[in-house]
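The values are calculated or read from the model by the stated rules, or taken from the named source; none is laboratory data. Predicted model only: the values in this text are computed from it and were never measured. Glycine gets a Cβ as well: all are built from the backbone with ideal geometry, and neighbour counts include every protein chain shown. Surface accessibility is based on the protein's heavy atoms, side chains included, excluding ligands, DNA and RNA. Shrake-Rupley method; radii C 1.70, N 1.55, O 1.52, S 1.80 Å.
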Amino acid sequence: MPVDVILGLQWGDEGKGKLVDAIAPNYDVIARFQGGANAGHTLVIHGQKHVLHLLPSGIFHKNCKNLIGNGVVLDPVILHKEIHHLLNHDNTLTQRLYVSKKATLILPTHKFLDKVQEDSKKDKKIGSTLKGISPAYQDKIARLTLKVGDILKVNFQEKYLEIKNYHLNLCKIYPTDLQYDVEFEKDFWESIEYLKSLQLIESEIWINEILQNGGKVLAEGAQGSMLDIDFGSYPFVTSSNTTIGGVCTGLGVPPSSIQDVLGVFKAYCTRVGSGPFPTENFGDIGNLIREKGKEFGATTGRPRRVGWLDIPALRYACMINGVTRLAMMKSDVLNCIENVKVCTHYQTKHGEISDYSTDYENIQPIYAELKGWHNYDFSSLQVPETLNQYITQIENWLQIPIKIISIGPDRNQTIYQ
Ligand code: GDP
Ligand code: IMO
Ligand code: MG
């Protein structure tokens, strides 16, 4: 049976968590394949809000198994806290949670290094969430860090000390006043003990067996395609492949197992952190959408930058991922404005182009203006005619059907076409 994939097509926070939770009952396994606790996936279930950083967004469904795959960089302290918090809500949760022994561990010094490295960038900061993501992936590629499976080995502490010393020496090359606080290690060692009590598995074998036995897997992306380490607006990106290739390397499933690729986008754009954002709106409309859409980071609380939908960027993301179906989120938010703008082309020195361009300094968005669904009340779960026209236009521009329309944060505020 197949692997379906949900991934973000913009700069993250598209509403992936909500969607995964909404469609999870159709699947046997929900699997995170990359990223770490830089992710903040918000689920609203009958009015109750949960923000997940490391747990896959199928965790609230009793019939779904949830996997943290090998491609994830796992902070045991955050995982421990996240589970502890949710156990009050559901004490059977860990019975359906599985963790790959090959997932990379985030150590306290990774988080310290992240701060030191980001601090040293002065006015060129990436805007990292400072969760240790970049240093952990750096060490994974350098082949010198610890994996989840290593916590079961007798020399774990010895190896940990070696890496910690290496990190503290590395910090000396950066001009910083920041001091490493050994206090962080108390929580770390407690969380390592806790991690040992979870179901730690050879997940690539486990997941392939499930597929061979007819099971259905949903791979849950974190971040968004425009933050991909290869295809995003480098260097203002995260440190993993957020796009389709990350599914195969981050879970150990073959490309031929992938069936449906559900691309998720907001009816407008947001970005948190630094980096190019051609359709950014700095005016009143941007502020209005930010307030109406509650566009403040789920992980860091930072205000998100807001702008109009960018069709060339979206088309590029659909191309890279081979998107088969689209889900448009936060359609309700745009009812705060009368006319909705969409960037369809860019103006360059050499004329108009319709393809995505990374020549950010020399492109200007060209907008189409469409009539909005101003003040429309979505409580009847009906799509108004003006929104239907917006959807049809986007489908024409992208040549991919929009099959899901989200009209509110709750699991039930979802329309399937
Ligand atoms: P993710 O990282 O892609 O899972 O997205 P986040 O959870 O970081 O950000 C999406 C935000 O929008 C969260 O606060 C969600 O509760 C909220 N949200 C998701 N879908 C909708 C929607 O259709 N309408 C509204 N108003 N909010 C939504
Ligand atoms: P979800 O899964 C939005 C951004 C950060 C920063 C850059 C690098 O909730 O969509 P990092 O901490 O990875 O070193 O930060 O990437 N970023 C996100 N932006 N949503 C996310 O995740 C993000 N994860 C990282 O703001 O610009
Ligand atoms: Mg988020």
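Between the amide H of Met329 and those of Phe265, Lys266, Ala267, Ser406, distances stay under 5 Å, these residues lying 5 or more places away or on another chain, with hydrogens modeled in the peptide plane. Considering only C-alpha atoms, what is the centroid distance from segment 343-417 to segment 112-154, in Å? Segment 343-417 and segment 112-154 have Cα centres separated by 36 Å.
Take every Cα pair under 8 Å whose residues are at least 6 apart in sequence, average their separation, divide by the length of segment 265-416, and the relative contact order is 24 percent. Each of Ile363, Asn396, Ser225 was placed along the dipole of the chain (beta-carbon charges, centred on the mean Cα), and the one lying farthest toward the positive end is Ser225.
Of all accessible surface on the chain at a 1.4 Å probe, what whole percent is carbon and sulfur? Its accessible area is 50 percent carbon and sulfur atoms. Sparsely packed loop sites in segment 217-276 (the chymotrypsin sites (Phe, Trp or Tyr not before Pro) outside DSSP H, G, I, E and B with at most 16 other Cβ atoms within 10 Å) do not occur.
Ligands, DNA and RNA are left out, and with a 1.4 angstrom probe the accessible area of segment 1-59 is 22 Å² per residue.
With no solvent and one equal point scatterer per Cα, compute the Debye intensity ratio I(q)/I(0) for the chain at 0.08, 0.12, 0.14 Å⁻¹ and report its log10, rounded to two decimals. Evaluating at q = 0.08, 0.12, 0.14 Å⁻¹ gives log10 I(q)/I(0) of -0.43, -0.97, -1.28.
Quarter the surface of the alpha carbon convex hull of segment 265-416 and you get the mean projected area, 9.4 square nanometres.
If you roll a 1.4 Å probe over the heavy atoms of the protein chains, what accessible area per residue do you get for segment 265-416, in Å²? Write down the numbers at each step before the final one.
Working: 6840 Å² over 152 residues.
Dividing the accessible area of segment 265-416 by its residue count gives 45 Å².
Protein heavy-atom accessible surface, 1.4 Å probe, per residue over segment 104-194: 56 Å².
For segment 196-345, what log10 I(q)/I(0) values come out of the Debye formula at q = 0.14, 0.15 1/Å, with one point per alpha carbon and no solvent? Relative scattering, expressed as log10 I(q)/I(0), comes to -0.79, -0.88. Counting only the Cα atoms, segment 156-237 fills a convex hull of 188 Å³ per residue. For segment 241-339, a simple Cβ point-charge model (Lys and Arg +1, Asp and Glu -1, everything else neutral) yields a dipole of about 200 debye relative to the Cα centre.
Order 128-134, 3-9 from most to least packed using the mean count of other Cβ atoms within 10 Å. Before the final figure, lay out the partial values.
On the way: 128-134: 23.0, 3-9: 26.7.
Final packing ranking: 3-9, 128-134.
Qualifying GluC sites (Glu not before Pro) in segment 275-383, where qualification requires a DSSP coil assignment and no more than 14 other C-beta atoms within 10 Å, comprise Glu338. Using Cβ point charges alone (K and R +1, D and E -1), the dipole size of segment 284-339 about the Cα centre works out to roughly 260 debye.
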